[in-house]
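> First the structure, then my questions, so here it is.
The values are calculated or read from the model by the stated rules, or taken from the named source; none is laboratory data. In this text the structure is predicted, and so the values were computed from the model without any measurement. Reconstructed Cβ throughout: ideal geometry from the backbone, glycine too, with neighbour counts over all protein chains shown. The protein model used for the area step is the full one, side chains on, heavy atoms only, and it has no ligands, DNA or RNA in it. Shrake-Rupley method; radii C 1.70, N 1.55, O 1.52, S 1.80 Å.
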Amino acid sequence: MNFIQTRGCESNKPTSVTFSEAILSPIASFGGLYVPETLPFLGEEFLIKHLNSNYKELAFDMLSRFEIDIDEKIIKEALALYNNFDDKNNPVPVKKVKENLFISELYHGPTRAFKDMALQPFGVVLSSIAQAKNENYLILAATSGDTGPAALETFKNRANVKVVCLYPDGGTSDVQRLQMVTENATNLKVIGIHGVFDDAQNALKILLASDEFKNSLKEHNTSLSAANSVNFGRIIFQIIYHIHSYLELVRQNAITIGEKVYLNVPSGNFGNALGGYYANKMGLPVEKIIISSNENNVLTKLIKTGKYDLRNSSVVSTTSPAMDILKSSNVERILFDMFGYSRTKELMDDLEVNNVYELTSVELKTLQECFDADFCSGDEGKKYIRETFVNNGYLMDPHTATCMKSYETCSNPAIKTIAYSTAEWTKFSPVIANALTGEIDAQDIDALKSISNETSLEIPPMIKELFTKKTVHNEIINKENISKEILKFLA
Ligand SMILES: *Cc1c(COP(=O)(O)O)cnc(C)c1O
């Protein structure tokens with residue numbers, strides 16, 4: 001299967017590229033993204049076939065239907081990384097929390113957040129394509145917390161790929177920072193920036209657009225790629241767990257095959273939700289996809305009113321920082337799928353030039369047939385964390401907690417919901433400790449201990465050991481010096 005551009009290409013009509021090409025250079029013409037030309041239809045037959053399959057068997061069959069230009073051997077090697085999750089036969093446990101509400105836990109990988117679901121196998125795939133072409137790639141990542149650790153973990157010691165990860169000094173949790181600065185491999189570089197996340201991200205954007213920088217990279221025989229969810233190589237692995245979670249409900253006798261469910265997704269860049277949308281198009285019975293947000297609620301407004309409006313808005317810091325996003329990149333892939341490439345280009349051009357676009361009422365209706373949305377404040381989220389623990393014995397992180405509000409406001413209680421949990425409690429422990437016990441401003445290590453005491457949950461070994469591991473990346477620099485540091489690392 002080939003991939004085409006969401007905004008068309010220079011000759012107007014989209015032209016197609018292979019999966020490998022779309023992975024290596026994920027930005028398409030006019031600043032658009034790559035999407036599959038057609039999606040394989042799986043339908044009920046596929047669900048019945050995989051009722052007793054384990055996660056890897058299901059994933060392998062689904063990926064085969066995409067007919068991408070990656071060897072079976074590489075795909076198997078990539079999927080074998082799910083063996084490093086807590087339970088290798090079921091990397092994504094789905095737990096019943098209350099009548100009609102099930103939580104699919106996407107955080108059982110090495111860095112304890114859902115980024116591992118896609119980045120773990122993606123690392124093998126990207127490195128193998130780079131090796132086959134005998135080319136070297138540099139992945140630049142600006143991170144506010146979860147993407148950085150997951151990208152470093154997957155590319156560590158992989159051939160033909162180097163990673164430079166920029167984080168705002170003081171802008172991540174202790175656990176997230178330690179996950180990065182203790183990651184020891186010669187192909188990895190982690191740099192703290194004086195400033196906030198936007199400073200790190202803007203510095204990166206300037207570099208990515210600079211010809212001088214690209215030429216310097218060429219001198220080091222290196223090209224740039226990207227590991228964020230604009231890369232379809234990540235999205236393809238995010239379709240699988242939606243199908244898996246549905247099958248888990250069937251296995252638990254909660255639903256019968258064919259019964260529709262809600263997918264409720266804590267959303268930022270919309271990669272997770274897009275995976276659910278594609279799964280639905282491929283035949284998964286979905287009533288609606290519910291988009292949960294925090295106070296950065298552009299997606300709620302889009303789905304409720306048809307207006308994507310960034311005028312007079314700036315990102316606010318919340319208790320669910322992985323969702324502190326205003327430009328949600330993967331929405332573009334939905335626009336393309338629903339309204340085609342020329343309308344997508346028009347809307348995205350509006351957003352770039354005027355900071356706003358507006359759907360017609362007919363378009364809005366189409367969008368609302370698939371999606372509904374609500375947002376949840378940090379205080380409401382903490383209330384849900386506390387109540388769900390006290391009443392149902394289930395502990396969730398602040399990102400997952402955003403789903404609890406929309407579960408109440410958007411869903412018909414007669415229909416089952418699969419909500420997605422995107423991070424383990426260990427990654428955002430100060431907020432959770434505050435929700436459970438009222439303690440404020442605890443350091444991660446103290447918050448982890450008090451939650452563990454309060455809940456009898458064990459701190460997993462990969463989190464515990466961070467606090468005694470040696471720091472290998474010590475640089476904290478001014479953003480003016482980023483390019484110099486990167487070139488020094490490549491030399
Ligand atoms: C990345 C992330 C999200 C947002 O996911 P998208 O696919 O970008 O919408 C939500 N929660 C956590 C914990 C994350 O790390």
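> Please enumerate the residues belonging to segment 252-271 that are open to solvent by less than 10 Å² (accessible area, probe 1.4 Å) and of a type in the set (Ser, Thr, Tyr).
267
> A follow-up question, please. When you check residue 350 against the structure, is it open to solvent by 30 Å² or more (accessible area, probe 1.4 Å), under 26 Å from residue 278 (Cβ atoms), among the charged types (D, E, K, R) and not in a loop (DSSP other than H, G, I, E, B), yes or no? Before the answer, list the steps.
Working: open to solvent by 30 Å² or more (accessible area, probe 1.4 Å): yes; under 26 Å from residue 278 (Cβ atoms): yes; among the charged types (D, E, K, R): yes; not in a loop (DSSP other than H, G, I, E, B): yes.
It is true that residue 350 is open to solvent by 30 Å² or more (accessible area, probe 1.4 Å), under 26 Å from residue 278 (Cβ atoms), among the charged types (D, E, K, R) and not in a loop (DSSP other than H, G, I, E, B).
> Test of understanding: among 249, 274, which residue is more than 16 Å from the ligand (Cβ to nearest atom), open to solvent by less than 30 Å² (accessible area, probe 1.4 Å), under 24 Å from residue 415 (Cβ atoms) and in contact with a Lys or Arg (Cβ under 8 Å, 6 or more places away or on another chain)?
Values: 274 fails: more than 16 Å from the ligand (Cβ to nearest atom).
249 is the lone residue from the list that is more than 16 Å from the ligand (Cβ to nearest atom), open to solvent by less than 30 Å² (accessible area, probe 1.4 Å), under 24 Å from residue 415 (Cβ atoms) and in contact with a Lys or Arg (Cβ under 8 Å, 6 or more places away or on another chain).
> Additional query: Would you be able to say whether some residue in segment 383-398 is in contact with a Phe, Trp or Tyr (Cβ under 7 Å, 6 or more places away or on another chain), open to solvent by less than 60 Å² (accessible area, probe 1.4 Å) and of a type in the set (Ser, Thr, Tyr)? Explain how you work it out, then say what you get.
Initially, segment 383-398 is screened for residues in contact with a Phe, Trp or Tyr (Cβ under 7 Å, 6 or more places away or on another chain), giving 388, 395, 397-398.
Restricting the remaining residues to those that are open to solvent by less than 60 Å² (accessible area, probe 1.4 Å) gives 388, 395, 397-398.
From the residues that got through so far, the ones that are of a type in the set (Ser, Thr, Tyr) too are 388.
Yes, segment 383-398 contains at least one residue that is in contact with a Phe, Trp or Tyr (Cβ under 7 Å, 6 or more places away or on another chain), open to solvent by less than 60 Å² (accessible area, probe 1.4 Å) and of a type in the set (Ser, Thr, Tyr).
> Restricting to segment 121-134, give me the number of residues that are touching a residue at least 60 places away in the same chain (Cβ under 8 Å) and under 19 Å from residue 85 (Cβ atoms).
Residues in segment 121-134 being touching a residue at least 60 places away in the same chain (Cβ under 8 Å) and under 19 Å from residue 85 (Cβ atoms): 3 in total.
> Checking residue 47 against (1) over 18 Å from residue 155 (Cβ atoms); (2) open to solvent by 10 Å² or more (accessible area, probe 1.4 Å); (3) out of contact with any strand residue (DSSP E or B) (no Cβ under 9 Å at 6 or more places or on another chain); (4) not basic (Lys, Arg), which single condition isn't satisfied?
Looking at each condition in turn, residue 47 falls short on (2).
> So, one more: Checking residue 76 against (1) part of a loop (DSSP other than H, G, I, E, B); (2) away from the ligand (no atom under 16 Å from the Cβ), which test does it fail?
For residue 76, the failing item is (1).
> Which of (1) within 30 Å of residue 451 (Cβ to Cβ); (2) more than 16 Å from the ligand (Cβ to nearest atom); (3) touching a residue at least 24 places away in the same chain (Cβ under 8 Å) does residue 339 not meet, given it meets every other one?
Of the numbered conditions (1) within 30 Å of residue 451 (Cβ to Cβ); (2) more than 16 Å from the ligand (Cβ to nearest atom); (3) touching a residue at least 24 places away in the same chain (Cβ under 8 Å), the odd one out for residue 339 is (1).
Here's the yes/no breakdown for (1) polar (S, T, N, Q); (2) within 13 Å of the ligand (Cβ to nearest atom); (3) in contact with a Lys or Arg (Cβ under 6 Å, 6 or more places away or on another chain):
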site: 227; (1), (2), (3): no, yes, no
site: 239; (1), (2), (3): no, yes, no
site: 245; (1), (2), (3): yes, no, no
site: 267; (1), (2), (3): yes, yes, no
site: 299; (1), (2), (3): no, yes, no
site: 305; (1), (2), (3): yes, no, no
site: 315; (1), (2), (3): no, no, no
site: 325; (1), (2), (3): no, yes, no
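> Within segment 130-152, which residues are in a helix (DSSP H, G or I), within 16 Å of the ligand (Cβ to nearest atom) and closer than 19 Å to residue 490 by Cα? Lay out the reasoning, then the answer.
Going residue by residue through segment 130-152, those that are in a helix (DSSP H, G or I) are 130-132, 147-152.
Keeping just the survivors that are within 16 Å of the ligand (Cβ to nearest atom) gives 147-152.
148, 151, 152 - these are the residues of segment 130-152 that are in a helix (DSSP H, G or I), within 16 Å of the ligand (Cβ to nearest atom) and closer than 19 Å to residue 490 by Cα.
> For residue 453, which of the numbered conditions (1) more than 16 Å from the ligand (Cβ to nearest atom); (2) surrounded by 14 or more Cβ atoms within 10 Å (Cβ to Cβ) fails to hold?
Failing condition for residue 453: (2).
> Does segment 410-442 hold any residues that are of a type in the set (Ser, Thr, Tyr) and either surrounded by fewer than 24 Cβ atoms within 10 Å (Cβ to Cβ) or more than 16 Å from the ligand (Cβ to nearest atom) (or both), and which are they?
Selection gives 411, 417, 437.
> Please verify whether residue 407 is outside any helix (DSSP H, G or I), touching a strand residue (DSSP E or B) at 6+ places or on another chain (Cβ under 7 Å) and either in contact (Cβ under 8 Å) with a residue 24 or more places away in the chain or open to solvent by 30 Å² or more (accessible area, probe 1.4 Å) (or both), treating the condition exactly as stated. Steps first, answer last, please.
Details: outside any helix (DSSP H, G or I): no; touching a strand residue (DSSP E or B) at 6+ places or on another chain (Cβ under 7 Å): yes; either in contact (Cβ under 8 Å) with a residue 24 or more places away in the chain or open to solvent by 30 Å² or more (accessible area, probe 1.4 Å) (or both): yes.
Spelling it out, it is not the case that residue 407 is outside any helix (DSSP H, G or I), touching a strand residue (DSSP E or B) at 6+ places or on another chain (Cβ under 7 Å) and either in contact (Cβ under 8 Å) with a residue 24 or more places away in the chain or open to solvent by 30 Å² or more (accessible area, probe 1.4 Å) (or both).
> Could you check, for segment 226-249, whether at least one of its residues is over 24 Å from residue 323 (Cα atoms) and part of a loop (DSSP other than H, G, I, E, B)?
No; the residues of segment 226-249 include none that is over 24 Å from residue 323 (Cα atoms) and part of a loop (DSSP other than H, G, I, E, B).
> Quick one: which residue in 64, 104 is in a helix (DSSP H, G or I) and of a type in the set (Gly, Ala, Ser)? If you could, list the steps in order and put the result at the bottom.
On the way: 104 fails: in a helix (DSSP H, G or I).
Of the residues listed, the single one that is in a helix (DSSP H, G or I) and of a type in the set (Gly, Ala, Ser) is 64.
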